[in-house]
């Protein structure tokens, strides 16, 4: 009995050891995946496309530099287009998601909708669909809010500013309430804009990055 038991016991120990190794290997997969570099897709308009300023001085380029300086493994894809609206971003997003497979999507659109007087309902619907598409593709979403001057009418300006927060709450997205905080509302605002008084100059873009960074940094973990 003892002679026949020993081989069986050895086979059982070997089997248990194999199971333990398999479990350990499986457990290590999520850990390796968690260390994979993030891909941050920025879908914006001229505020993110470096309109009127030198290449490499916009807030998205500065974001790449900050990530590298802090040794955060992430790739940044700037898919911003000057003059783009939320409708344009919505139409472009599916192809961008398929091509770049981002882990994070930053949506910075809406300002041109307001400049063109487009209905707030369409802006809200487009942002909602973009957030949902990004989430469905497995990405975390960061919505960047915008405001318009009160000369557009107090009601319109208030409703426009509020819709970004409404979409973010409804779709589980993170929110930067106002990209131009500290720029458009600065006592020295004139010195932070280009001659058209619409587009920030290079001096303003580090401030814009500082508005986005704390929220995005939390998303990156």
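FYI, it's all coordinate maths here, none of it is from the lab. Quantities reported herein were computed from a predicted structural model and do not represent experimental measurements. When we count neighbours, we look across all protein chains shown, and the Cβ atoms used for this are built from the backbone with ideal geometry, even at glycine.
At a glance:
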{"read-out": "FRET efficiency for residue 57 and residue 217, using Cβ-Cβ distance with R0 set to 22 Å, rounded to 0.05", "value": "0.55"}
{"read-out": "Beta bridge orientation in segment 37-220: antiparallel %, DSSP, nearest 5", "value": "5"}
{"read-out": "For peptides 205-212, 125-132, sequence by mean Cβ density within 10 Å, most packed first", "value": "125-132, 205-212"}
{"read-out": "Quotient of C-alpha Rg and 2.2 N^0.38 Å, computed over segment 141-194", "value": "1.26"}
{"read-out": "Those residues of segment 184-202 whose amide nitrogen sits under 17 Å from the label point placed on residue 82, 7 Å along Cα→Cβ", "value": "193-202"}
{"read-out": "Extended-chain gain in nm, criterion 0.36 nm per residue less alpha-carbon gap, residue 188 and residue 91", "value": "31.2 nm"}
{"read-out": "Enclosed volume per residue, in Å³, of the convex hull spanned by Cα atoms of segment 37-220", "value": "107"}
